[in-house]
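Undergrad: This structure is in structure tokens; I'll ask about it shortly.
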Amino acid sequence: MSSLTGQLLVSMPQMGDPFFARSVVYLCAHDEQTGTMGFIINKTIEDLAADKIYEQVAPQTRSLRPQSVHFGGPVSPSNAFVLHSPDYQDGGTQLIGPEFALTASLDILRAQAQGGGPRQSLLMLGYAGWGAGQLEAEIKANGWLLAAADTGLVFDENDDGKWRRALAKLGISPENLSGETGVA
């Protein structure tokens, strides 16, 4: 399987894991030998606003733009990550293709707290991770579909609609999906 970096994982309806049920995951790193890292882009942490995080890194400032905090995944849930447009870069920024970048530094949080930073972004706590071969096995077992990522879907503020929109990109209606696999 070639690298899945920069793609979207779209969970199948029968996904039983509550972390990943009806989730859309942006894959920021994938290597068959070392594993995969991604971020759930359609689930927010309801009782936490970005301003609470910004207050910790820049106490004298107040964010000029309201922003949700996303549940990026169950691994390292106390670590903050920002998936964003590549118009912002600092020493800790990793470019992921021409439309996306990932930064996990205090500098980006301070910039956002002051109303700066990237034009488009998702602030996340935690990430999703798979060991070598694990994600490939889950895809083969019909747990996930793959879709091309685009900024319109990833950075859309309507998190509730992202799962259906990702399926629609593939020409699929959730009602027509089956959890059964087989060989004809």
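Undergrad: Quick one: in the range 17-60, which of the residues that are aliphatic (A, V, I, L, M) and in a loop (DSSP other than H, G, I, E, B) is surrounded by the fewest Cβ atoms within 10 Å (Cβ to Cβ)? Write out each step before concluding.
TA: Step one: filter the range 17-60 for residues aliphatic (A, V, I, L, M), giving 21, 24-25, 27, 29, 37, 40-41, 45, 48-50, 53, 57-58.
Pick out the ones that are also in a loop (DSSP other than H, G, I, E, B) and you get 21, 41, 58.
Details: ALA21: 14, ILE41: 25, ALA58: 17.
Looking at the filtered set, the residue picked out is ALA21.
Undergrad: Only one of LEU122, LEU102 is assigned to a strand (DSSP E or B) and either exposed (fewer than 15 other Cβ atoms within 10 Å of the Cβ) or touching a Cys at 6+ places or on another chain (Cβ under 6 Å) (or both); which?
TA: Numbers: LEU122 fails: either exposed (fewer than 15 other Cβ atoms within 10 Å of the Cβ) or touching a Cys at 6+ places or on another chain (Cβ under 6 Å) (or both).
On inspection, the qualifying residue turns out to be LEU102.
Undergrad: Could you say whether any residue in the range 39-50 is in contact (Cβ under 8 Å) with a residue 12 or more places away in the chain and over 18 Å from ASP159 (Cβ atoms)? Talk me through it step by step, then tell me what you get.
TA: Let us first name the residues in the range 39-50 that are in contact (Cβ under 8 Å) with a residue 12 or more places away in the chain, namely 39-45, 48-50.
This time we only want the ones that are over 18 Å from ASP159 (Cβ atoms), so: none.
Within the range 39-50, none of the residues are in contact (Cβ under 8 Å) with a residue 12 or more places away in the chain and over 18 Å from ASP159 (Cβ atoms).
Undergrad: Right, something else. Only one of (1) modelled with pLDDT of 95 or more; (2) of a type in the set (Gly, Ala, Ser); (3) under 18 Å from ALA29 (Cβ atoms) is not met by SER105, so which one is it?
TA: Status for SER105: all satisfied but (1).
Undergrad: Assuming GLY171 fulfils every condition listed in (1) exposed (fewer than 11 other Cβ atoms within 10 Å of the Cβ); (2) closer than 22 Å to PRO74 by Cβ apart from one, which condition is it?
TA: If we test GLY171 against (1) exposed (fewer than 11 other Cβ atoms within 10 Å of the Cβ); (2) closer than 22 Å to PRO74 by Cβ, just (2) comes out false.
Undergrad: Now a separate question. Tally time: how many residues in the range 77-105 are of a type in the set (A, V, I, L, M) and out of contact with any strand residue (DSSP E or B) (no Cβ under 8 Å at 6 or more places or on another chain)? First the steps, then the outcome.
TA: At the first step, the residues of the range 77-105 found to be of a type in the set (A, V, I, L, M) are 80, 82-83, 95-96, 101-102, 104.
When the remaining residues are screened for being out of contact with any strand residue (DSSP E or B) (no Cβ under 8 Å at 6 or more places or on another chain), the result is none.
Of the residues in that region, 0 qualify.
Undergrad: For the range 9-37, give me the residue count where each residue is more than 14 Å from the chain's Cα centre (by Cα) and in contact (Cβ under 8 Å) with a residue 24 or more places away in the chain.
TA: The total comes to 9.
Undergrad: Here's a follow-up. Of these, ALA137, ALA111, which one is more than 17 Å from the chain's Cα centre (by Cα), part of a helix (DSSP H, G or I), on the phi < 0 side of the Ramachandran plot and free of Cβ contacts under 8 Å to residues at least 12 places away in the same chain? Please lay out each step first, then the result.
TA: Values: ALA111 fails: free of Cβ contacts under 8 Å to residues at least 12 places away in the same chain.
Going through ALA137, ALA111 in turn, the sole match is ALA137.
Undergrad: Something else: Counting only residues that are in a strand (DSSP E or B) and in contact with a Phe, Trp or Tyr (Cβ under 8 Å, 6 or more places away or on another chain), which one in the range 78-99 is farthest from MET37 (Cα to Cα)? Give the derivation first.
TA: Taking the range 78-99 as the starting set, the residues that turn out to be in a strand (DSSP E or B) are 78-84, 94-96.
Going one step further and asking which of them are in contact with a Phe, Trp or Tyr (Cβ under 8 Å, 6 or more places away or on another chain), we end up with 79, 81, 83-84.
Values: ASN79: 14, PHE81: 12, LEU83: 12, HIS84: 16 Å.
Result: HIS84.
Undergrad: Could you check, for the range 84-97, whether at least one of its residues is in contact (Cβ under 8 Å) with a residue 40 or more places away in the chain, of a type in the set (A, V, I, L, M, F, W, C) and buried (at least 16 other Cβ atoms within 10 Å of the Cβ)?
TA: Pass one, the range 84-97, residues in contact (Cβ under 8 Å) with a residue 40 or more places away in the chain: 85, 94, 96-97.
From what's left, of a type in the set (A, V, I, L, M, F, W, C): 96.
Filter once more, keeping what is buried (at least 16 other Cβ atoms within 10 Å of the Cβ): 96.
Looking through the range 84-97, at least one residue is in contact (Cβ under 8 Å) with a residue 40 or more places away in the chain, of a type in the set (A, V, I, L, M, F, W, C) and buried (at least 16 other Cβ atoms within 10 Å of the Cβ).
Undergrad: Return a yes/no flag: does the range 142-158 have any residue that is surrounded by fewer than 18 Cβ atoms within 10 Å (Cβ to Cβ), part of a helix (DSSP H, G or I) and modelled with pLDDT of 95 or more.
TA: Within the range 142-158, one or more residues are surrounded by fewer than 18 Cβ atoms within 10 Å (Cβ to Cβ), part of a helix (DSSP H, G or I) and modelled with pLDDT of 95 or more.
The values are calculated or read from the model by the stated rules, or taken from the named source; none is laboratory data. What you see is a predicted model; the values in this text were computed from it and never measured. Every residue, glycine as well, gets a Cβ built from its backbone with ideal geometry; the counts of neighbours run over all protein chains shown.
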